[in-house]
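The values are calculated or read from the model by the stated rules, or taken from the named source; none is laboratory data. None of these values were measured; they are calculated from a predicted model. Note that each Cβ is placed from the backbone with ideal geometry, even for glycine, and that neighbours are counted across all protein chains shown. Heavy atoms of the whole protein, side chains included, go into the accessibility calculation; ligands, DNA and RNA do not. Shrake-Rupley method; radii C 1.70, N 1.55, O 1.52, S 1.80 Å.
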Amino acid sequence: MAATDRNGAVAYGNVVMAALALHTGLAPATAQAETAPEHGVIALRYLHYKDQQDVKVQYPNYSGTEGSSFKRITAKSPSVYVMAPIGSDWTIEASAVIDEVSGATPRNYSDVSGATPKPGMNDYRKAGDVRVSRHFSRGGVSIGASHSEEHDYRSTAVSVEGRVSTPDNNTTLTVGLAHAEDAINPVNQIVVNEAKRTNELIVGVTQALTANDLVQVNATYASGEGYYSDPYKNNDRRPDRRKQAAGLLRWNHFVDTLNATARTSYRYYQDSFGIAAHTVEAAWVQPVTRWLSVTPSARYYTQSSADFYYDPVMDSAYYPGPIVPQMFSTTDQRMSAFGAITLGLKAELRWADWTTDVKYERYEQRSNWRSFGNGSPNVDNFQADSVQVGVSRKF
C-alpha cells in the first residue's frame with residue numbers, strides 16, 4: 001500500500017502493511033502451520049541518507065549556478081528491533097528509531113530558506129511500535145500500536161490483523177484494519193492544533209503455487225480527513241479529505257539450479273487528489289557461499305500529478321512562488337508528474353546465530369521519466385543515496 005507521509009504526499013509503509021510482508025527467504029516456499037518462532041531476534045540498524053537537486057534556473061538569494069547540484073537533506077537513523085516468542089503460541093515484537101534530519105528544503109517551494117549550503121532546518125523524530133501476535137494451528141491474530149513524534153508533528157496508530165489458512169496451509173487469507181491520529185503544530189504557527197485521521201483496510205491472499213513459487217495479492221483502501229496541506233510551503237492548500245486505493249501483486253520464485261530466489265512485484269495506486277502511480281520492482285537473492293548472499297535490486301516508479309498541482313513560474317518577480325487564485329494548489333514536487341528509478345545492492349553474511357548486512361541504494365527522479373503521459377515541467381531533477389548497515393542475533 002502506498003500510504004501518505006506527514007504532508008500528504010505518496011509514501012510507502014504503514015502499520016498494517018508490515019503485517020503482510022511476503023516470505024522472502026532463500027529456501028523454497030513450503031507449506032507449514034503457523035507457530036511462534038523457536039528463537040527470538042534482536043537487531044540493530046543504521047541508515048544514512050543524503051539527497052540533492054539539480055539547479056536548472058538561478059533564483060534570487062539562492063547560492064549555486066545553473067547546471068550545478070544543490071545539496072538538501074541529510075538523515076541519520078539508528079534503530080533497534082526485538083522479537084521474542086512467548087511459549088509456542090505468542091510472539092511480541094517491538095522497535096524504536098531516532099531520525100536526525102538536517103539540511104535545506106527544496107528550492108523555490110518552501111518558506112524555510114534553503115538559500116545557502118548551511119542547514120536550513122534541523123529536526124529529530126522519535127518513533128516506536130509494538131506488536132503482539134497469537135498463533136493458532138491454521139492462522140493467527142496480531143494487535144499493534146505505534147507512535148511517532150517530532151517538534152511540530154505527532155502521529156499515533158493502532159492496528160489489528162487476522163490470518164487464516166486452508167487445511168493444507170498452502171493458502172492464507174489476511175485481513176487488517178488500522179486507524180491513525182496525527183497532530184500538526186508548525187513552528188511558523190500558520191495553523192495551530194490541526195489534526196488528521198485515517199482509517200485503512202487491507203485484504204490479502206498468499207498462495208503457495210508450487211514448492212518453489214509463492215504469490216501474494218492484496219488490495220488496500222484508506223480514507224482520511226483533516227489537515228493535508230504543508231504549512232511550510234507557499235500557497236499550499238489541499239483538500240481536507242483523501243481517499244486512497246492500491247493493489248499489489250508479488251511473486252517469489254526459487255530457482256533450484258542456481259539456489260537463488262527471484263522477487264518481483266507490481267503495485268497500482270490511485271487517490272482522490274488525482275495521483276495515479278505504478279511501481280515495478282525486482283530483486284535477485286543469490287547465495288555466493290554458505291554464509292554470504294548478495295541481492296541486486298531495481299525499482300521503477302511513475303506517477304501523474306495531483307489535480308491541483310501547478311508548475312512554478314520561473315519569474316523572479318514572483319519569488320519564491322506565484323500566488324494562484326484557486327481553492328486548492330500546491331507546488332510540492334512530490335505531487336508533480338514524474339518517474340523515478342532506484343538501484344540497490346545488498347550483501348548479507350550469516351554465521352551461526354549472527355547476521356550482518358549492508359545495503360546501498362541510489363534513487364533518481366526526473367519529470368521526463370514519467371510513463372503514461374508527460375512529466376511536469378520546471379521541476380528540478382532529484383537524486384538520493386542511502387546506506388543501511390545492520391546486525392542481528394538469534395537468542
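Once the Cβ-Cβ distance between Val294 and His39 is put in as r, and R0 is 22 Å, what FRET efficiency do you end up with, to the nearest 0.05? Mind showing how you got there, number by number?
Values: r = 25 Å, r/R0 = 1.13.
The calculated FRET efficiency here is 0.30.
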**OP:** Assign unit charges at the C-beta atoms only (+1 for Lys and Arg, -1 for Asp and Glu), then state the dipole size of the stretch 155-286 relative to its Cα centre in Debye, rounded to the nearest 20.
**Re:** 260 debye
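Expressed as a rounded percentage, what relative contact order does the stretch 112-260 have, with Cα pairs under 8 Å and six or more residues apart?
Values: 320 pairs, mean separation 21.6, N = 149.
Here the relative contact order equals 14 percent.
How charged is the neighbourhood of Ile42? Take every other residue with its Cβ under 12 Å from the Cβ of Ile42, and add Lys/Arg as +1 and Asp/Glu as -1.
Here the charged neighbours net out to +1.
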Original post:
What relative contact order, as a whole-number percentage, does the stretch 144-202 give when Cα pairs under 8 Å and 6 or more residues apart are counted?
Top reply: 29 percent
Original post:
Counting only the heavy atoms of the protein chains, how much of Lys359 is accessible to a 1.4 Å probe, in Å² to the nearest 10?
Top reply: 60 Å²
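Would you work out if the stretch 186-280 is rounded, prolate or oblate? Take a ≥ b ≥ c from the square roots of the eigenvalues of the alpha-carbon gyration tensor; rounded if a/c is under 1.5, else prolate when a/b is larger than b/c, oblate otherwise. Please list the in-between numbers first.
Numbers: a/c = 3.49, a/b = 2.74, b/c = 1.27.
Prolate, since a/c reaches 1.5 and a/b exceeds b/c.
Return the subset of Lys50/Lys394; Lys126/Lys359; Lys50/Lys196; Lys50/Lys243; Lys50/Lys359; Lys196/Lys346 for which the Cα-Cα distance in this structure is over 25 Å, preserving the input order. Can you show the working numbers first?
Details: Lys50/Lys394 32 Å; Lys126/Lys359 23 Å; Lys50/Lys196 29 Å; Lys50/Lys243 31 Å; Lys50/Lys359 14 Å; Lys196/Lys346 37 Å.
Violating the 25 Å Cα-Cα cut-off are Lys50/Lys394; Lys50/Lys196; Lys50/Lys243; Lys196/Lys346.
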**OP:** Just read off the accessible area of His39 with the full protein assembly in place, 1.4 Å probe, to the nearest 10 Å².
**Re:** 90 Å²
